[in-house]
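**Student:** Pasting in a structure now, in structure tokens, and then I'll have a few things to ask.
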Amino acid sequence: MVISEQKARQIAGAVPDPELPDITVGELGIIRDVRVHDHIVTVVITPTYIACPAIETIQTDIASVLHDAGVTDVRFERRLAPPWSTDWMSQSARDKLAGHGISPPSPPRHDVIVTLDHVTASLRDNDPETRPCPACGSTKTQEISRFGATACKALWRCLACREPFEHFKSLRPGA
Amino acid sequence: MTAGTTRGPDIGSLLPTYLLRLGDDALILSQRMSQWYARAPRLEDDIALLNMALDYLGHARALLTMAGEREGRGRDEDSLAFLRPESDFVNAQLMELPNGDFGRTIARLTAVAIWHLALYEGLAQSADEALSAFAQKAVIECRYHAEYANLWLQRLAGGTSESARRMQAGIDYVWPFAGELFCADDTVAGLAEAGVVPDPAGLERRWLSAVTPLLRGHGLSCPAVSAGPAPGRSGRHLESFTPLIAEMQHLHRAHPGATW
């Protein structure tokens, strides 16, 4: 074996996410499996969004660090199910987001599922969760846009300290 | 063949056709919504519309890749997107409708987002593992599309008399095109029988029972719509489809075999 699975997983997982500050792809929870067979290392990735434009860059970066570790044949598999959920983000990832002024996704919940009935009910209520400002902690915050600089983030502003901030949107599986 | 043997639907030939329909829906909608780029009324909405168009592009890539693989004729996502003639595209005409004004854009987005939530929720139970995996993921993303559309339904319907007029006009124009989504031809019927896709009549009921109170709750009226002719599914498109396809395909066709 050219490298152990554990070592390969560690190396691949340490690759930084190209968009989110300080966070590794391992902390994001998108590396689902690493298999080693003779000289071939296969990395199984579950993307955050199907259309995530950073996936190709992430794969290139993973291949690069594995090449540096002596692996010549790196392959990738994309696995869509089970779908990536923000619940898979590590606590360290959430803390780093907050430290950089990005409101982290809501804590893991097991009772909320995305179905048509659930969505139409929540559309009627139209009552978004209050998000505390990462800069000053105030709960007097307001959403500016459901979509921000990247598909995964929404844009909010704090009415107390007047700073804008991004919020990482929660993604959770359907029924 | 002995008496009593029934020949079930040939899933192997039906599924690629179905996957092409869903893939084309996503691809054409993505391309059309992208035409809001640098033209939206506010920067935040420019970003929102293009993020949703990107979501649809991701869905298109996944669906077209699956279609090409199942079809087994050596076509991949790129050859399917860029090398087919107009009459080979099988998207519903709803997806190719020009964006029009913001009211019409939001009306179409509402119809599509609710449709995708119902459809992908059903497909998550598909007997086909890959299609189920795709749907489980895609349905989560479609939730945000529905939320975005709902916020603008509220603002426009509850804004000025002009915004309400335009929002209602958008609904009135777009709604008849939704009938094509509920098409229950042999392809859909065969796949539904095999548990690969949800029953189309059930989807139509779910869609209606979701959109009707949604629109009425905002003071909008909901035109009657039911399963109707499906011209898009047989490759017949609107006049505006031609420049859309030309713009999408010409670069790829001008440089055959080119890579970045």
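**Student:** For the range B:193-203, name all the residues that are open to solvent by 30 Å² or more (accessible area, probe 1.4 Å) and out of contact with any Gly (no Cβ under 9 Å at 6 or more places or on another chain).
**Tutor:** Correct list: B:Gly195, B:Ala201.
Conditions (1) open to solvent by less than 30 Å² (accessible area, probe 1.4 Å); (2) among the polar types (S, T, N, Q); (3) within 14 Å of chain A (Cβ to nearest Cβ), marked per residue:
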site	(1), (2), (3)
B:Gln93	yes, yes, no
B:Arg108	yes, no, no
B:Leu117	yes, no, yes
B:Asn150	yes, yes, yes
B:Thr160	no, yes, no
B:Gly170	yes, no, no
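**Student:** Considering only the range A:20-49, how many residues are under 23 Å from B:Lys137 (Cβ atoms) and touching a strand residue (DSSP E or B) at 6+ places or on another chain (Cβ under 9 Å)?
**Tutor:** 16
**Student:** Among the residues in the range B:174-196, are any assigned to a loop (DSSP other than H, G, I, E, B), among the polar types (S, T, N, Q) and away from every other protein chain (no Cβ under 14 Å)?
**Tutor:** No - not one qualifying residue is present in the range B:174-196.
**Student:** Considering only residues of the range A:129-169 that are closer than 24 Å to B:Thr110 by Cβ, under 21 Å from the mean Cα position of the chain (by Cα) and surrounded by fewer than 18 Cβ atoms within 10 Å (Cβ to Cβ), which is modelled with the highest pLDDT?
**Tutor:** Among them, the one singled out is A:Glu143.
Here is a yes/no grid of residues against (1) under 29 Å from B:Val174 (Cβ atoms); (2) outside any helix (DSSP H, G or I); (3) open to solvent by less than 20 Å² (accessible area, probe 1.4 Å); (4) at pLDDT below 95:
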residue: B:Thr2; (1), (2), (3), (4): no, yes, no, yes
residue: B:Arg21; (1), (2), (3), (4): yes, no, yes, no
residue: B:Leu27; (1), (2), (3), (4): yes, no, yes, no
residue: B:Leu57; (1), (2), (3), (4): yes, no, no, no
residue: B:Arg61; (1), (2), (3), (4): yes, no, no, no
residue: B:Leu64; (1), (2), (3), (4): yes, no, yes, no
residue: B:Ala67; (1), (2), (3), (4): yes, no, yes, no
residue: B:Arg70; (1), (2), (3), (4): no, no, no, no
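**Student:** Out of the range B:39-82, which residues are among the aromatic types (Phe, Trp, Tyr) and over 27 Å from B:Leu156 (Cα atoms)?
**Tutor:** Once the filter is applied, which keeps residues that are among the aromatic types (Phe, Trp, Tyr) and over 27 Å from B:Leu156 (Cα atoms), the range B:39-82 yields only B:Phe82.
**Student:** Would you check if B:Arg104 is surrounded by fewer than 21 Cβ atoms within 10 Å (Cβ to Cβ), under 20 Å from B:Leu220 (Cα atoms), touching a residue at least 40 places away in the same chain (Cβ under 8 Å) and not polar (S, T, N, Q)?
**Tutor:** yes
**Student:** Would you check which residues across the range A:72-98 are away from chain B (no Cβ under 14 Å) and open to solvent by 70 Å² or more (accessible area, probe 1.4 Å) and list them?
**Tutor:** Hits for the range A:72-98 are A:Thr72, A:Arg75, A:Gln91, A:Asp95.
**Student:** With the requirement that a residue be buried (at least 19 other Cβ atoms within 10 Å of the Cβ) and within 14 Å of chain B (Cβ to nearest Cβ), what does the range A:23-46 give you?
**Tutor:** Passing the criteria: A:Ile30, A:Ile45, A:Thr46.
The values are calculated or read from the model by the stated rules, or taken from the named source; none is laboratory data. Just so we're clear, the structure is a prediction, and the values are computed from it rather than from any experiment. No Cβ is skipped: glycine too gets one built from the backbone with ideal geometry, and neighbour counts run over all protein chains shown. Accessible surface areas use protein heavy atoms only, side chains included; no ligands, DNA or RNA. Shrake-Rupley method; radii C 1.70, N 1.55, O 1.52, S 1.80 Å.
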